[in-house]
Structures are given as C-alpha cells and as structure tokens.
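These notes concern the structure reproduced below.
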Amino acid sequence: MQRIVSVVPSQTELLHALGLEREVVGITKFCVHPAEWFQTKLRIGGTKTLNLEKIAALEPDLIIGNKEENEREQIEWLSARFPVWISDIYTLEDALDMIVQVGDLCGRPTQAALLHAQIREAFAALDAGVRGQAPLRVAYYIWRKPFMVAARHTFIEDMLGRAGFENVFGHLERYPEVLREDLEMANPDIILLSSEPFPFSEKHVAEFQDICPSARVEIVDGEMFSWYGNRLLKSAAYFLELRQKLKP
C-alpha cells in the first residue's frame, strides 16, 4: 500500500474522491476538505511552510504538490529524498489531465476516468448555458491591503472566461497589486470579492462600492474558482447560477 503525502488542498480533496483513505498519511493545515481528514490526518505544516522533518518521518512513497502553491526550495529538498509529483495548473484542461495522472499514479485510473468525464459533462452544460450571452466585465479580488487581483495566466482567469466573464485586469500578469485608481479606470460592471485566500465578506462590500458606485459587488466562493480537483464538479453549476444572478 502506498504512503501518500498531499501538500495541496484541492488535490487532497481529489485523493479523497478517488478513495485513498488508507493511503494518504499526511496533509497540510489548509487541507480543510474533507472535514474528517482535516480532523484525523497528520498535518505537516502549511503549503508554503512545510514541516520537512515531519514529512520525512512519514517515509512517504509519493508526495503530491503543485508548482504555484508550494515553495521550490522545499520541494527540491523533498525530491532529493522521496518520489515527488508536481502539477502545474492554468486551465480546465490542465486540471483534467492532472486528475487522470493522479489516478494513474495512485492506482485509481477507473475512478479518475469517471471523474474526468463527469467534470467535462458539467462544463459542457455551463458552456451551453452562457453561450450567446455578452460577457460581463469583472474584477476578481483575492487580497486586501494591498489590493490584489487574479489576472492572466491563472486558473481563476480560465474559470472566469468559462463562466461568461471578461476580466478587466486580464492584460496584467498573474496576481498583480492594483491601486484604487486602477479599479476606477477599469470601471468593471461587477466586482467579485473572493472568500479566499483573503476572507472577503459583506463588511468589505461598501469599500469597493465607494470606489465604483455603478458596479455590482458580489462575495463569491473562492474554492469554486481556484480548487482544481473534484471540486470542479460543483464549480460549473455554481458559475452558471452566479452568471444568471448577475446578468443585467
């Protein structure tokens, strides 16, 4: 039986969906799904602050990480001692490929293939639901003090496009810091405030409404936009409902 350590929350949730309860021996403190794993599995630090010694003590056969979410130096240290597999996710297609590869790595190819098909079907329904509608211009905020947004070359950007949104900061790279005047100039129809990594909530709405009085400000579930494992099964329906809610 494999001994697997997952150092990425969305991929931890995927491992659970693939039925790897016994195989997964270590997760991060941010791997909150599923709740029973969060409560019972050994936590080996944060995604960028891994406890290397604790991981080594587990003697894993496989460590599953991600290029963006984990620190390169820590992954290199682990790679010199244990088998490490790293995903690199920018699009839905990347995520679907990752699911199949993880299924193969962990001896769950059939379960992964089924999940792959179900997610593709869900996003086909989303595409049919938004097809023909004019895209809504949005700004997607991930952080406060300083203000930071999701821009191009991010998984969030791909999800926004599939949900029928046009990212007003899509000309910028990755997760740039933006100023109040940048938002004023962009003048989006809608401002989306993500629940993670910064926990935006209703108390922050007025701050953005003051900057763009004509924009609609909406709190959204960040996991739906940024978790690229089996959470995608729920994301497509969430996006369709959100798009219908926000259309003029």
**OP:** List every residue whose amide H lies under 5 Å from the amide H of Glu166, counting only residues 5 or more places away in sequence or on a different chain, with H placed 1.01 Å from N in the peptide plane.
**Re:** Leu136, Arg137, Val138
Original post:
In debye, nearest 20: dipole of the stretch 1-132 around its Cα centre with unit charges on the Cβ of K, R (+) and D, E (-)?
Top reply: 340 debye
Original post:
If the cut-off is 13 Å between C-alpha atoms, which aspartates and glutamates fall inside it for Lys245, apart from same-chain ones fewer than 8 positions away?
Top reply: Glu218
Subject >> Largest to smallest principal axis extent of the C-alpha atoms in the stretch 1-88, angstrom >> reply: 30, 26, 21
Original post:
Going 7 Å from the Cα of Leu52 toward and past its Cβ, which residues in the stretch 73-90 have a backbone nitrogen under 11 Å from where you end up?
Top reply: 73-81
Subject >> Length-normalised contact order of the stretch 127-246 in % [C-alpha pairs under 8 Å, at least 6 apart] >> reply: 26 percent
**OP:** Work out how much length Lys247 to Ala134 would gain on full extension: take 0.36 nm times their residue separation and subtract the Cα-Cα distance, in nm to one decimal.
**Re:** 39.8 nm
Subject >> Coarse-grained scattering of the chain at q = 0.08, 0.09, 0.12 Å⁻¹, given as base-10 log I(q)/I(0) from a Debye sum over alpha-carbon atoms >> reply: -0.33, -0.42, -0.72
Subject >> Hz values of 3J(HN,Hα) by residue in the stretch 8-20 - Karplus curve (6.51, -1.76, 1.60), Gly and Pro given as x >> reply: 9, x, 5, 7, 4, 4, 4, 4, 5, 4, 7, x, 9
Original post:
Asp104 to Arg120: extension gain in nm, 0.36 nm per residue of separation minus the Cα-Cα distance?
Top reply: 3.9 nm
Original post:
Out of residues 5 or more away from Met148 or on other chains, whose amide H comes under 5 Å of its own, with H placed 1.01 Å from N in the peptide plane?
Top reply: Ile142, Trp143, Val178
Original post:
Over the stretch 127-246, what is the percentage of antiparallel beta bridges among all DSSP beta bridges, to the nearest 5?
Top reply: 20 percent
**OP:** Excluding residues fewer than 8 places away in the same chain, name every one of the lysines whose C-alpha is closer than 16 Å to that of Lys29.
**Re:** Lys41, Lys48, Lys54
**OP:** Please work out how much length the chain gains when fully extended from Arg72 to Trp143, using 0.36 nm per residue of separation minus the C-alpha to C-alpha distance, in nm with one decimal.
**Re:** 23.3 nm
Original post:
Given +1 on the Cβ of Lys and Arg, -1 on the Cβ of Asp and Glu, and no further charges, what dipole in debye does the chain carry about its Cα centre, rounded to the nearest 20?
Top reply: 400 debye
**OP:** Give the long-range amide H neighbours of Leu62: residues separated by 5 or more places, or on another chain, with amide H under 5 Å away, using H modelled in the peptide plane at 1.01 Å from N.
**Re:** Arg3, Val5
**OP:** Choose one answer from Ala186, Ala151, Ala236: the residue with the largest mean-square fluctuation in a GNM of the chain with alpha-carbon springs under 10 Å.
**Re:** Ala186
Subject >> MRE, 222 nm, helices only [DSSP H, n ≥ 4, -39500 (n - 2.57), over the chain, to nearest 500] >> reply: -12500 deg cm²/dmol
Subject >> Residue-wise HN-Hα coupling along the stretch 203-212, computed from phi with Karplus coefficients 6.51, -1.76, 1.60 (Hz; x: Gly, Pro) >> reply: 5, 9, 4, 4, 4, 7, 5, 5, 6, 10
Subject >> Proximal charge balance of Leu192 [Cβ under 13 Å; K/R count +1, D/E count -1] >> reply: -2
Original post:
Can you list the lysines whose alpha carbon is less than 24 Å from that of Lys247, not counting same-chain residues fewer than 8 positions off?
Top reply: Lys203, Lys234
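We did not get these values from a lab; they are worked out from the coordinates using the rules stated. The shown structure was predicted, so the numbers you read here are calculated from the model rather than taken from an experiment. Cβ sites come from the backbone with ideal geometry, for glycine too, and all protein chains shown count toward neighbours.
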